[in-house]
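Structure first, then comments.
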Amino acid sequence: MEEKLKKIKEKVEIQISQVEEINSLEKLKSEILGRKGELTQILKNLKSYDESQRPKIGKAVNDLKRLIENKIEEKKQVLKNQELNKRLESEEKVDFSLPVKEELGSLHPITIVQREIEEIFRTMGFTVEDGNEVETEYNNFEAVNVPKYHPARDMQDTYWLENGQLLKTQTSAAQNRIMKKYGAPLKAIFPGRCFRNEDLDASHENTFFQLEGMMIDKDISVANLIYFMKTTLSEIFKKDLRVRLRPGFFPFVEPGFELDVSCMYCEGKGCKVCKQAGWIELCPCGLIHPKVLKMGGIDSEKYSGFAFGLGLSRLAMMKYGITDLRLLNSGDLRVLKQIGIK
Amino acid sequence: MYISMNWIKDFVDLNGIDLEELINRFTLSTAEVEGIIKHGENIGGIITAKILKIEKHPGSDKLRIIKVDTGNETITCLCGAKNIQVGDIVPFAKIGSIVDGRKIEKVEMAGQVSNGMCLSEKELGISEDNSGVMILDENTEVGIDIKKLLDIDDIIFEVDNKSLTNRPDLWGHYGIAREIAAITGRKLKKLEIEELENYNNLKDVNVKVEDTEKCYRYSSIEIENIKNNKLDINKRIRLYYCGMRSISLLVDLTNYIMLELGQPMHAYDKSLVNNIKVKSTDKDIQFKTLDGNLRNINKGTLMIWDNDTPISIAGIMGGENSEITEKTISLLLESANFDSVCIRKSALDLKLRTDASAHYEKSLDPFLTDIAIKRYIKLLEENDKEIRIVSNLTDIYAKKYPEIEIQITKEYINSRIGIELSENRIIEILKSLEFGVEQNGKILTIKVPSFRATKDVSMKADLVEEIARIYGYDNIKPQTKEQSLKIVEVEEDKKVENTIKDLLAIKYGASEVHTYVWYDKKRNKELGIEVNEDNIKLANSLNANFNVLRESMIPSLLYTLNENIKYYSDVNIFESGRIFKYPKKGENCVEVKSLGVILCSKNKSSKELIYKGIEIINSIMELNKNIKVRMKDIKNIKYNWISPVNSAEIIYNNDSLGYISELNINIKDNINNKTNIVVIEINLDKLNAIKVINKKYEEFSKYQPVEIDISVLMDKEEKYSSLEKCIDEVKLKDLLKYELVDIFEDDKKLQNKKSITIRFTLLSKDHTLSSEEINNDLQVLIEKFEENNYYVKK
């Protein structure tokens, strides 16, 4: 019997080694180990052996069966690997260095900067409001303390419409409406497109974006304004900035300031950007004029507040190093596609 | 406005103060200084010299050989100017001296050597006069440094006019000096004037102010026996450095006073005027101003008249008929105060802004008019000793500003600034600015000086500014403000806009652009775009091409496309902006938020682009509002860029949210006939108004769905939506969904028909559908199709 099993083993080992495909291996497996296989037959006929021999034979056969199963499994693994390798070899080699067609479009630089700034203000509790582009003379001028024939109207060349309305010259045009809508206390920013009737050059556009903000509460002071602007601007520029106030005349604030920040390029040492001054004029601001509060329906004895304006177009130019303001409205995809989405 | 430091020093002692540092402090406390010009730096070593001899140049007709005496030597030089004579004293640049930044060297001209040069006023940098050598006063000492004689050295700083808009008191040197005195803590000197009491007994000037609403004050005086015609040189240098052209003594002095006190004056030739009247014209007239222009003056403009002849536009410009000339020997001097709004309005109407009108429109201090005359006489006497005053200072003070008193407390000031100033310091600051202060317990009663009371300072907030700026904004320590931190959610409309922009840029590879809110007529013409020229117009556009506001986003996006198409084979752009319409012509305009999208490709077919466009529209609707819209043929085509063949309205709840269209081929061919272009416009206001449909989870049915394909034959022209309509109408109870599987067209087999295969999925929630039920459903569907003449393939 031993001899027989040994022969079977040798035969099977040869057979296994000759198999080249998984399918034939499976077939072989069922031939050898299946119901009709030699080994199964031996087990079936176990009764024909001497009783004392039976357990020994049974064990030997089963051992052999397991051995063969293992061999087949091993071989199967080998064949699988061979097949995988073959497939890998025949697989098309892709050139990862080939240029891929650009699928992403682009957002306008103003959109990107505006979203960043809106996000900063939202975390500080400011509502973001949307203004109109066509405004009434009242909202754009009277309600922000610029009466008719006031020389301050010269500061902004206005596009008048034939119906007596105008294209808003400043985001401040929304102040009155927002005060009336929310009352005090109030924290809001309002970005928007503004217009000035002037000739274009690299630093003048008739269409540009501003972002204006207001904060109204009890006992708001100049010291609060300085603190707020310093923190917010440092956040916007992601840099610890110093700020300074200079007197500035804007009819809707009293006192009114021009706010300078320490130059973020040279840290205030003096460079080309800040014209050696160390400071960059960034944002007009001030305590809201009592008349403006009153016209907005807010008690100016009880409440005070500050307002500030940021040039979104200017901030976008600073962020991306754009030197010609006109590019922002050019619609030139050679410029805009460079900006992408971030 | 240019401010001369020499002039300021007339009124404030600035010894020991660094001038540049002072200018910096002025910027931080008062108004922005835009630039500093240092005059005299390019001139050095110039001395006075006497002409001893003038000889012909043997080799040149233009040049002469001059011998000058410089006090200790005689120098020979060459000179081209013809105005010098022996004995004249002139500024002389020796070898080694500096003129206009260049060193004077020995030169040879036409064989003769020149050891220096005689200088003109222009070469000295003190005027534009280059007509000849400057001749100095005959009594001038020879051999002294010219800078001892002439105030060539001066620091001029330019103050930004805009930052002075609200400060009428700063429109002259004396006011600036007052400010500098307050900043530096020094004393302001009194203005030297000629008190004119001695002339009180003389006759009045013949003046009548008829329009007392517009003319607040009119002061005048008459002077005779004018002999001199030139203002002294150092005052002329100041005028020149401050940007004024010298004309004649009488006129220069009016300008000098304006620059010094901020009070405009006008000098009339007395021999040409008799009977002054100040009144508005009651009809439109024509009037020739002294610049020689004939101007149309509107009814209502305030004028100065001699009897019934206009002689001046009040506060703006005098007339040619009464102007000072070389022959003038007597003058009538006007120093008046006019209503600021009236002057500004007239100047705007006339499109004539003069230095005088720019001053008046700031609301000048009426107290200045007589002071200005007294100062004028003082300076005139210094320049022309023999003048004779022939009238009293006639003063008509028709309308006075109310005196302003403001009550304020230390606490109010400190709380608004955020500092702790003592009462004493507050009072000290206010007094340095010439405010009157009375203390009564905690309350300070502040009297506003006349020069700040015309409109500038009227309330507590104004005083807060005065104190804070002199205290120094730099000295205020930043302070936080306690506040509740509540993060604000993004507003729904903003979210929609952000989502749309992201979707288009990120998923559809489109680029956001910004365009102008007006049409470009020239480009409309080039591209064949027709717009409603009757839409809202700009009344004062600088360019007539751009005066109609856009009613649609598409034209400006087409301009942008047209510019970009030469660089790209595919251009996908969009803008979320505003469009403008009249509800009725002349009424307030309606502003609508609108999204415009343009898809353009040289490789994709029009059909592909349309389907991509519909996909975009569906995504926008689903992403933002969870809604489904339908496409419907456009009944009234409003714009000529919409294709009459391939275009559809976007319909939701029977309302049109916008449209999608192939670009009309006429326009497309003008842009590029080899590309395909699709335009989309969506009314974002309408979209924003739609409520979000909230989705609810529906449980799956436990039973097996049944899928059945039905093929329908229909005319090629016919729309898929007609089949949808049929399906919707039969309202099969068990219909879970249906979808388009295939469209088959074959000209030979089907001719002008197409076969559309739709897969219907049937499912019941509570039982397995029996084949009977299924057949029944199918039968209903088929009947409905056939009823509408759609043949169903069995």
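The values are calculated or read from the model by the stated rules, or taken from the named source; none is laboratory data. Bear in mind that the values here come from a model prediction, so they are computed numbers and not experimental data. Using ideal geometry, Cβ is built from the backbone for each residue, glycine included, and neighbour counts are taken over all protein chains shown. To get the accessible areas, we keep the full protein, side chains included, count just its heavy atoms, and leave off ligands, DNA and RNA. Shrake-Rupley method; radii C 1.70, N 1.55, O 1.52, S 1.80 Å.
Got a sec? Which of A:V128, A:V146, A:V113 is at the interface with chain B (Cβ under 9 Å from one of its Cβ atoms) and among the aliphatic types (A, V, I, L, M)? Can you show your working first?
Values: A:V146 fails: at the interface with chain B (Cβ under 9 Å from one of its Cβ atoms); A:V113 fails: at the interface with chain B (Cβ under 9 Å from one of its Cβ atoms).
Of the residues listed, the single one that is at the interface with chain B (Cβ under 9 Å from one of its Cβ atoms) and among the aliphatic types (A, V, I, L, M) is A:V128.
State which residue is most open to solvent (accessible area, probe 1.4 Å) when the search covers only the stretch B:76-106 and only residues that are assigned to a loop (DSSP other than H, G, I, E, B), over 11 Å from B:G116 (Cα atoms) and hydrophobic (A, V, I, L, M, F, W, C). By that ranking, first place goes to B:V86.
Among the residues of the stretch B:197-216, those identified as buried (at least 22 other Cβ atoms within 10 Å of the Cβ) and of a type outside the set (A, V, I, L, M) are B:K214, B:C215, B:Y216.
Residues in the stretch B:43-60: is at least one more than 14 Å from chain A (Cβ to nearest Cβ), at pLDDT below 95, open to solvent by 40 Å² or more (accessible area, probe 1.4 Å) and part of a loop (DSSP other than H, G, I, E, B)? Yes, the stretch B:43-60 contains at least one residue that is more than 14 Å from chain A (Cβ to nearest Cβ), at pLDDT below 95, open to solvent by 40 Å² or more (accessible area, probe 1.4 Å) and part of a loop (DSSP other than H, G, I, E, B).
Going residue by residue through the stretch A:170-182, is there one that turns out to be at pLDDT below 95, in a loop (DSSP other than H, G, I, E, B) and open to solvent by 30 Å² or more (accessible area, probe 1.4 Å)? No: zero hits. Does B:I446 meet the test of being touching a strand residue (DSSP E or B) at 6+ places or on another chain (Cβ under 8 Å), in a strand (DSSP E or B), modelled with pLDDT of 95 or more and within 24 Å of A:G286 (Cα to Cα)? Yes, satisfied. Among strands (runs of 3 or more DSSP E) entirely within the stretch A:183-264, having at least 3 residues that are more than 7 Å from every other protein chain (Cβ to nearest Cβ) singles out A:186-195, A:207-217, A:253-262.
Taking A:F306, is it closer than 20 Å to B:N166 by Cβ, in contact with a strand residue (DSSP E or B) (Cβ under 7 Å, 6 or more places away or on another chain) and more than 9 Å from every other protein chain (Cβ to nearest Cβ)? Yes.
Being touching a residue at least 40 places away in the same chain (Cβ under 8 Å), part of a helix (DSSP H, G or I) and in contact with a Pro (Cβ under 7 Å, 6 or more places away or on another chain) is true for just one of A:L293, A:L315, A:L287, A:L328. Which residue is that?
A:L328
Among the residues of this structure, B:I500 does not count as one that is of a type in the set (A, V, I, L, M, F, W, C), assigned by TED's automatic domain parsing to the domain that holds B:S661 and over 23 Å from B:S661 (Cβ atoms). Across the stretch B:529-550, the number of residues qualifying as part of a loop (DSSP other than H, G, I, E, B) and either outside the structural domain of B:W641 (by TED's automatic domain parsing) or surrounded by fewer than 18 Cβ atoms within 10 Å (Cβ to Cβ) (or both) comes to 9.
Taking the stretch A:165-201, which residues are farther than 21 Å from A:I120 by Cα and hydrophobic (A, V, I, L, M, F, W, C)? Residues satisfying the conditions are A:L166, A:L167, A:A173, A:M179, A:A184, A:C194, A:F195, A:L200. Only one of the numbered conditions (1) open to solvent by less than 10 Å² (accessible area, probe 1.4 Å); (2) of a type in the set (A, V, I, L, M); (3) part of a loop (DSSP other than H, G, I, E, B) is violated by A:V273, and that is (1). Assessment of the stretch A:130-140 against the conditions (in the same structural domain as A:F250 (by TED's automatic domain parsing), open to solvent by 10 Å² or more (accessible area, probe 1.4 Å) and under 30 Å from B:H359 (Cβ atoms)) yields at least one matching residue.
Could you say which residue among B:E608, B:E622, B:E615, B:E649 is surrounded by 15 or more Cβ atoms within 10 Å (Cβ to Cβ), among the acidic types (D, E) and either touching a Lys or Arg at 6+ places or on another chain (Cβ under 6 Å) or over 18 Å from B:S552 (Cβ atoms) (or both)?
Numbers: B:E608 fails: surrounded by 15 or more Cβ atoms within 10 Å (Cβ to Cβ); B:E622 fails: surrounded by 15 or more Cβ atoms within 10 Å (Cβ to Cβ); B:E615 fails: surrounded by 15 or more Cβ atoms within 10 Å (Cβ to Cβ).
Only one candidate passes the filter, namely B:E649.
Per-residue answers, yes or no, for (1) within 30 Å of B:S248 (Cα to Cα); (2) among the β-branched types (V, I, T); (3) surrounded by fewer than 22 Cβ atoms within 10 Å (Cβ to Cβ):
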| site | (1), (2), (3) |
| --- | --- |
| B:A356 | yes, no, no |
| B:V390 | yes, yes, yes |
| B:K400 | no, no, yes |
| B:K410 | no, no, yes |
| B:N414 | no, no, yes |
| B:I419 | no, yes, yes |
| B:S432 | no, no, yes |
| B:T445 | no, yes, yes |
| B:S450 | no, no, yes |
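Report yes if B:N776 is surrounded by fewer than 16 Cβ atoms within 10 Å (Cβ to Cβ) and outside any helix (DSSP H, G or I), otherwise no. Break it down into steps so the answer makes sense when it comes.
Details: surrounded by fewer than 16 Cβ atoms within 10 Å (Cβ to Cβ): yes; outside any helix (DSSP H, G or I): no.
For B:N776, the condition - surrounded by fewer than 16 Cβ atoms within 10 Å (Cβ to Cβ) and outside any helix (DSSP H, G or I) - is not met.
The residues listed here are B:D365, B:D370, B:D349, B:D291; of these, the one that is under 28 Å from B:T165 (Cα atoms), within 14 Å of another protein chain (Cβ to nearest Cβ), open to solvent by 10 Å² or more (accessible area, probe 1.4 Å) and touching a residue at least 12 places away in the same chain (Cβ under 8 Å) is B:D349. Taking the stretch B:578-602 as the range and being open to solvent by less than 10 Å² (accessible area, probe 1.4 Å) and facing chain A (nearest Cβ under 8 Å) as the test, only B:F580 passes. Residues that are under 20 Å from B:S363 (Cβ atoms), hydrophobic (A, V, I, L, M, F, W, C) and assigned to a helix (DSSP H, G or I) were ranked within the stretch B:449-464; the one that is farthest from the other protein chains (Cβ to nearest Cβ) is B:F451.
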